[in-house]
Amino acid sequence: MEEITVYTTPTCPWCTKVKSYLNDKGVTFKELNVAADSQAAQRMIEITGQRSVPVITRGEKYVVGFDQDRLASMIQ
């Protein structure tokens, strides 16, 4: 199974919702704080073309924002 990565910032309420959702589903993920990690921020921008968080990636797939339906299909 491909690793799930969540790009976040410390003050983002939607990031907190995504992390809570994934934790509630028992999904393990790697969190990257783009406010503290400029390389992670650059990768996120390259993947999505934008600076919005949260960004959730798994392989070539990604979701921007807290989209519960898309997240559910990504973690299946």
Inset, instruction - State yes or no: is R43 at pLDDT below 95 and more than 15 Å from I75 (Cβ to Cβ)? - result: no
Legend entry - Residue count for region 35-51, restricted to those that are of a type outside the set (D, E, K, R) and either in contact with a helix residue (DSSP H, G or I) (Cβ under 9 Å, 6 or more places away or on another chain) or crowded, with 17+ Cβ neighbours inside 10 Å (or both): 5
Inset, instruction - Of all residues in region 35-69, count the ones that are under 17 Å from V18 (Cβ atoms) and assigned to a loop (DSSP other than H, G, I, E, B). - result: 9
Inset, instruction - Could you list all residues from region 11-34 that are loosely packed, with under 13 Cβ neighbours inside 10 Å, out of contact with any Ser or Thr (no Cβ under 7 Å at 6 or more places or on another chain) and not in a loop (DSSP other than H, G, I, E, B)? - result: P13, S20, N23, D24
Inset, instruction - Could you list all residues from region 20-40 that are within 15 Å of A72 (Cα to Cα) and free of Cβ contacts under 8 Å to residues at least 12 places away in the same chain? - result: S20, N23, D24, G26
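The values are calculated or read from the model by the stated rules, or taken from the named source; none is laboratory data. This is a predicted model, so every value here is computed, not measured. Quick reminder, even Gly has a Cβ in these numbers, built from the backbone with ideal geometry, and neighbours come from all protein chains shown.
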